[in-house]
Amino acid sequence: MATEILQENDDHDKPQISFTATTNVEAEEDLKLVEDAFRTLRADAVKDLNSVGACVRCIFRLFGLFEKICSFPSLPTSAMYAMLAKLMGLDGDDKCDQPSFVLQPKVCRICFGILEFVYHDGEKGTSVKRDCVNEFAETIAEVVKNERHQVDSFSLEVSLPPVVMENEQLVRLYMKKKYGSEDWFLAKSVSECISVKDALKLSIADPLEKLLVIQGEKSNLSTFRIRLAYETSEESTRRIAIERINGCKRRKTDVNNGVDKIRAPETSGLHNSADHKNDEYENIKTFAKELEGHDSDYLKFQLEKDNQPFHLVFLCYRCPIYIGGRYLKYSRNVSQTRWIIEDERMGEASVEEIIGGSILPLCQGNSYKFHAAGREDIDVRMLGTGRPFLVEIQNARQVLSEELIKEMEIKINSLENKLVGVKNLKILDSKGWALMREGEGEKQKQYAALVWISRPFNDDDLQTLSSLKEMQIMQKTPIRVLHRRSPLERERIIHWMKVEMITGSCQYFLLHLCTQAGTYIKEFVHGDLGRTQPSIGSILGCRTEILQLDVTDVKMDCF
């Protein structure tokens, strides 16, 4: 039997999903090693396990020898049964292959066909059987390929119905009662037997890596998940019903580029029944204790109940990735996020849509979420150092690189309308969002405001404003946002102010100021009918109005 060799492809983005055969000499050497492993098995115990419907891989697993056969992923199941027949003395002189078929159960009563790669395909409504590990790995790799995922590393997840664990308990207790006093059982079965779930992972992990991982791109940080979800018929029916119900509900749209906010695979209908499954798992230990008092015949009877292969759902997805930086907003008619009032759009665009809509296609993700450290009004520009932000991409197909991040930055800054720009784009981990939020309440912000006053501005006014340092003010919730904010009174600090006179005008000036985060600058200038005290108007003793406002700096260390 052949070991696998991955066929290399010049196009690293599309790995060739196939294995090739090795020489006959290597195949014969592989067979000899497997046959040697078979000879270490106890024939009487093997016959016993076979009689209750255990498959050949479960027999190896229960003898603590499963890792020995994992080195031969191209070894067909039929060849393993032929070796098992020879061990049990059932091959006969005529070399007939018939005994191997007699020995092979239709569906293993312990793993329910999982380790023989037998499963029910719900979409096609048919049962599927793969002959070896490599074939099953190729099936999984094909799913990933169809989803157009680039893979630099992956984590393999397997979920099984509780009945698998129950049968694990049954067969171990059965073997314990029959062979518990024998040295081979104590040395092998108890200490080295691995679970069905771990055995499946151990079998397919290496073949999958050879099929999927881009050569030279292997990463130690795994964000890509491959999930094999085995379900009973009842669980499958329940999941499909839930998915249909969810599909009928109106989906919330994240962005205005036709991309809907779709639930990531890891939070799909499969997990809506998670509570039900967890309750069943809680009962496994109790179930095992209840079996302790029964004899081996009773346990064997429980194992011999009818069983069917499970439904298998293949899921592949990438955990959310985060791209952060600072944005600049050059227009006074662009909101930070999409703003719709009574089906009418406010402003010509939004920072969220411009940045997210540019990044999403390059990442080939399902959807995105936009987060920023605070926000400015639609008529306020964001200049200077820019405002920290991050974009959370759901299920990105593309593996991010420094070159791709640079391409994103160039693409956004090269847009014809020049409404928004970005700087310092970088890949962040999941802590980036928390880091941005932690610093948001403590940051200082600098502004430049164009101010009009009802009388001529003089040198005394300039000196008065410039001399004020670390001034405390009290602000009630502004009238303009009272309909959507709680009516509270907040204490804020104005750290410093500087005045820049405008040539040829005595009633207009530029006010540069640095304030505590959360200060309402417009209200600090005009007073908001006395709801902000003190204000520029009350300090100067005249009417004041703010005509234009720019944010010139957001002092945060996050990025």
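The values are calculated or read from the model by the stated rules, or taken from the named source; none is laboratory data. Quick caveat: nothing in here was measured; it's all calculated off a predicted structure. Using ideal geometry, Cβ is built from the backbone for each residue, glycine included, and neighbour counts are taken over all protein chains shown. Only protein heavy atoms, including side chains, enter the accessible area calculation; ligands, DNA and RNA are left aside. Shrake-Rupley method; radii C 1.70, N 1.55, O 1.52, S 1.80 Å.
For the peptides 116-127, 56-67, 521-532, residues were scored by their other Cβ atoms within 10 Å and the scores averaged per peptide; the highest-first order is 56-67, 521-532, 116-127. Within the set Lys411/Lys445; Lys86/Lys177; Lys498/Lys522, which residue pairs have Cα atoms separated by over 20 Å? Violating the 20 Å limit, Cα to Cα: Lys411/Lys445; Lys86/Lys177.
Rg then Dmax, both in Å and based on the Cα atoms of segment 297-453: 22.7, 97. A protection proxy built from the mean count of other Cβ atoms within 10 Å ranks the segments 429-435, 318-324, most packed first, as 318-324, 429-435.
Near Arg480: Cβ cut-off under 13 Å, other residues only, Lys/Arg at +1 and Asp/Glu at -1. The net charge is +1.
Heavy-atom accessible surface of segment 391-475, averaged per residue, reaches 54 Å², computed with a 1.4 Å probe. Within the full protein context, the accessible area of Lys476 is estimated at about 90 Å² for a probe radius of 1.4 Å. Stretching Gln507 away from Ser430 to a fully extended chain increases their span by 22.7 nm, per 0.36 nm per residue minus the current alpha-carbon distance. Compactness of segment 376-520 was expressed as the Cα radius of gyration divided by 2.2 N^0.38 Å, which yields 1.38.
Projected onto their three principal axes, the Cα atoms of segment 27-78 cover extents of 31, 18, 17 Å, largest first.
The value given for segment 346-400 is a Kirkwood hydrodynamic radius of 12.5 Å, derived from the mean inverse Cα-Cα separation. Taking the Kirkwood radius as the inverse of the mean 1/r across Cα pairs, report the Rg/Rh of segment 131-170. Ratio of gyration radius to Kirkwood radius for segment 131-170: 1.14. Taking every alpha-carbon pair within segment 421-506, the share separated by more than 19 Å comes to 66 percent.
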